[in-house]
1. Take the solvent-accessible surface of the protein heavy atoms, probe 1.4 Å, and return the percent of it on segment 92-216 that carbon and sulfur atoms account for.
2. Ordered by residue, what ³J(HN,Hα) values in Hz, to whole numbers, does segment 119-124 give under the Karplus form 6.51 cos²θ - 1.76 cosθ + 1.60, where θ = phi - 60° and Gly and Pro are x?
3. Which residues' amide hydrogens lie under 5 Å from the amide hydrogen of ARG129, considering only partners 5 or more residues apart or on another chain, with H built in the peptide plane?
4. Taking H as built 1.01 Å from N, whose amide H comes closer than 5 Å to the amide H of TYR152, not counting residues under 5 places away?
5. Would you grab the residues whose amide H sits under 5 Å from the one on THR114? Only those 5+ places off in sequence or on another chain, please, with H modelled 1.01 Å from N.
6. Scale the Cα Rg of segment 107-180 by the rule-of-thumb value 2.2 N^0.38 Å and send over the ratio, two decimals.
7. From the backbone phi of segment 195-206, what are the Karplus-calculated ³J(HN,Hα) couplings (6.51 cos²θ - 1.76 cosθ + 1.60, θ = phi - 60°) in whole Hz, Gly and Pro given as x?
Amino acid sequence: MQAPAGRTWSPMATEANPYAMPAPAQKSTKETVKNALSLWGRKVGEATRKAEDLSRNTWQHLRTAPSITEAAVGRIAQGTKVLAEGGHDKIFRQAFSAPPDEQLRKSYACYLSTSAGPVMGVMYLSTARVAFCSDNPLSYEASGGDRTEWSYYKVAIPLHRLRAAIPSASKLKPAEKFIQLVSVENHEFWLMGFVNYGSAVMHLQEVLSGFHNLQA
């Protein structure tokens, strides 16, 4: 828009317009534009890779279950439960009777490999342990097979009893990724079908390394 005839535009504050403020224009060069475009391209590429990884992991997470539909419905139901009960921290404390000084660091949707097949649930990483709890109770035979009872499938390994957390992938199907938890007594637990596999591996190894360094 042009200034009215007979008047000149000024960027300086005046009594008539005290809100105008001068801002020196910076010279734009080809190198500046090139660097800006390069930075933008890297950020877009990184975001795209993360989105692709999340998409692949989510699809693999659903495929790990016997039924993709049941897995999707179960994951939605778990999300609703988390919201209704006030977050993963409260669910973790209720499930494992965590003391007040134990802090939950991270939680990851995944499966625990069992002799009866993969069990959908959540892996919890706290300041004191690595734990897993199934999303739903599972049936089992009690009292010599006389009756069927239901219970959540839980695993809890104190950090001072955890010897290693080993990431791996299937040679035939690289999309199938695992984390092997090994206790100091050589008990093994295999977790799989992570939605955020890379983050789970990174934080597990960081916490385990830090804990062992403190104990050394």
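The values are calculated or read from the model by the stated rules, or taken from the named source; none is laboratory data. Here the structure is a predicted model, which is why all the values come from computation and not from measurement. We work out accessible area using only protein heavy atoms, side chains counted, and drop any ligands, DNA or RNA first. Shrake-Rupley method; radii C 1.70, N 1.55, O 1.52, S 1.80 Å.
1. 52
2. Working through the residues one at a time gives 10, 6, x, 9, 8, 10 Hz.
3. LEU159
4. Placed amide hydrogens put LEU138 under 5 Å from TYR152.
5. Residues meeting the criterion, in which the H sits 1.01 Å from N, are VAL119.
6. 1.31
7. 6, 10, 4, x, 5, 4, 4, 4, 6, 4, 5, 5
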